[in-house]
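See below for the structure under consideration.
Values quoted throughout were computed directly from the atomic coordinates according to the rules given, and no laboratory measurement underlies them. Note that the structure is predicted; figures quoted are calculated from it, not measured. As a convention, Cβ positions derive from the backbone with ideal geometry for all residues, glycine included, and neighbour counts pool all protein chains shown.
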Amino acid sequence: MLAARADLLAQIRKFFAARKVLEVETPILARATASDLHIQSWKTENSWGQNNQALYLQTSPECAMKRLLASGSGAIYQLGKAFRFEEISDRHNPEFTLLEWYQPGYSLSQLMTEVEALVYLVTPLTDIRHFSYRELFQQNLGIDPHQVLTDDLEKFVKSEISLVAQGLSRTDYLQLILSQIIEPAMQGNWFLYDYPEDQAALAQVKLDAAGVKVAQRFELFCSGMEIANGYFELTDPVEQRRRFDSDLDKRRQANRGLVPIDENLIAALESGLPDCAGVALGVDRLLMIVTGAKSISEVISFTTDLA
């Protein structure tokens, strides 16, 4: 398994070297972290610096890499560790290896093609299908996820899934339907794109062919797992701050703990982030596909409980 991991990392680096994409390194410890309600970060016990600020282990190198892009780095990638405060499972470990890359001037479809090329190079997978979010829900359940009423979503979920949680949002219901009903029924490997507007995260929003606002975002699912999450990146600093503030409001309402807004990212967007597409890909899950492993613990030398 050690040899398989080393070979995979070497193939990834060779893939990007051939495309003249520059490998970079960014900080693992930083003063800000992901504001998303559903992502919990590891916070250091010790404060640091003149303002005695806590530092956070990064959940992704995204914000720092965008600062490099705004400084004129050109196409870049990073292979390294990321951290999320979560339980160990067959697909999760609090410390994991992440591949993230950004292509200035790429459309979202061009980036999907490049992701596909990498996956075909390093795994035995073939024939990755493409579905819009609307298409997937309509084909499987006869639901238009962009138009259906939240009350109808709630009734549907409660009729199909045993729920304990209360006060769920529209996004929560859609994510439950996707993860608990649609994903288990899907066969093969597939891209999902044009997510609902309120699931844009750090992606730009556009009007689709039906005139509905959708997020320019995709995810790749292989062997029953989410492998990659990509965006046509948001470049508007005003909208970025609005989304950060919205995330903090949701955290406050859910009593999940507030985190600092990444002012350095806002400043980078204000200085001018080029139009680009970016993606984060889970290397440990990719290695599971390469080796046929059933659990992430099989492909990591030491899971967090053994570290």
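Based on Cβ point charges of +1 for Lys and Arg and -1 for Asp and Glu, what charge dipole magnitude is obtained for the chain about its Cα centre, in debye rounded to the nearest 20?
With only Lys, Arg, Asp and Glu charged at Cβ, the dipole is about 440 debye.
Mind checking which of ASP151, ASP208, ASP249 has the largest fluctuation in a GNM of the chain, springs on alpha carbons under 10 Å?
Of ASP151, ASP208, ASP249, the Gaussian network model singles out ASP151 as fluctuating most.
Stokes-Einstein at 37 °C, 0.692 mPa s, Kirkwood radius from Cα pairs: D for the chain in µm² s⁻¹?
Answer from the Stokes-Einstein relation: 160 µm²/s.
Just from its helices, what would the mean residue ellipticity at 222 nm be for the chain, if runs of 4 or more DSSP H residues each count -39500 (n - 2.57) and the sum is divided by every residue, rounded to the nearest 500 deg cm²/dmol?
That calculation yields -10500 deg cm²/dmol at 222 nm.
In terms of the ratio Rg/(2.2 N^0.38 Å) built on C-alpha atoms, what value belongs to segment 80-155?
Relative to the 2.2 N^0.38 Å estimate, segment 80-155 comes out at 1.54.
Scan around VAL205 for amide H atoms under 5 Å from its own, H built in the peptide plane at 1.01 Å from N, and keep only partners 5 or more places away or cross-chain.
Under 5 Å from the amide H of VAL205 lie the amide H atoms of GLN216, each far enough along the sequence or on another chain.
So what does the Cα-only Debye profile of segment 50-109 read at q = 0.15, 0.25, 0.29 Å⁻¹, as log10 I(q)/I(0), no solvent term?
For the requested q values the scattering log ratios are -0.62, -1.03, -1.17.
Tell me the Rg and the Dmax, in Å, that the Cα atoms of segment 225-279 produce.
Looking at segment 225-279, its Cα Rg and Dmax stand at 13.4, 37 Å.
Can you give me the C-alpha center-to-center distance between segment 5-67 and segment 156-216, rounded to a whole angstrom?
27 Å
What helices in the chain pass both tests, a Cα length along the helix axis of 20 Å or more and a mean Kyte hydropathy of -0.5 or higher, using whole DSSP H runs? Working shown, then result.
On the way: long enough: 2-18 (24 Å, 0.73); 108-122 (22 Å, 1.21); 237-254 (26 Å, -2.07).
In the chain, the long hydrophobic H runs are 2-18, 108-122.
Please list log₁₀ I(q)/I(0) at q = 0.14, 0.24, 0.25, 0.28 Å⁻¹ for segment 172-248, using the Debye equation with identical point scatterers on the alpha-carbon positions.
Debye output, listed in q order: -0.53, -1.17, -1.21, -1.29.
Just the C-alpha atoms of segment 1-104: what Rg/Rh do they give, with Rh taken as the Kirkwood radius? Write down the numbers at each step before the final one.
On the way: Rg = 15.5 Å, Rh = 15.4 Å.
My calculation puts Rg/Rh at 1.01.
Could you tell me the extents of segment 68-211's C-alpha atoms along the three principal axes, largest first, rounded to whole Å?
Dimensions of segment 68-211 along the principal axes of its Cα atoms: 49, 41, 35 Å.
Report the residue, chosen from VAL148, VAL279, VAL21, that carries the largest GNM mean-square fluctuation when the chain is represented by alpha-carbon nodes joined by springs under 10 Å.
VAL148
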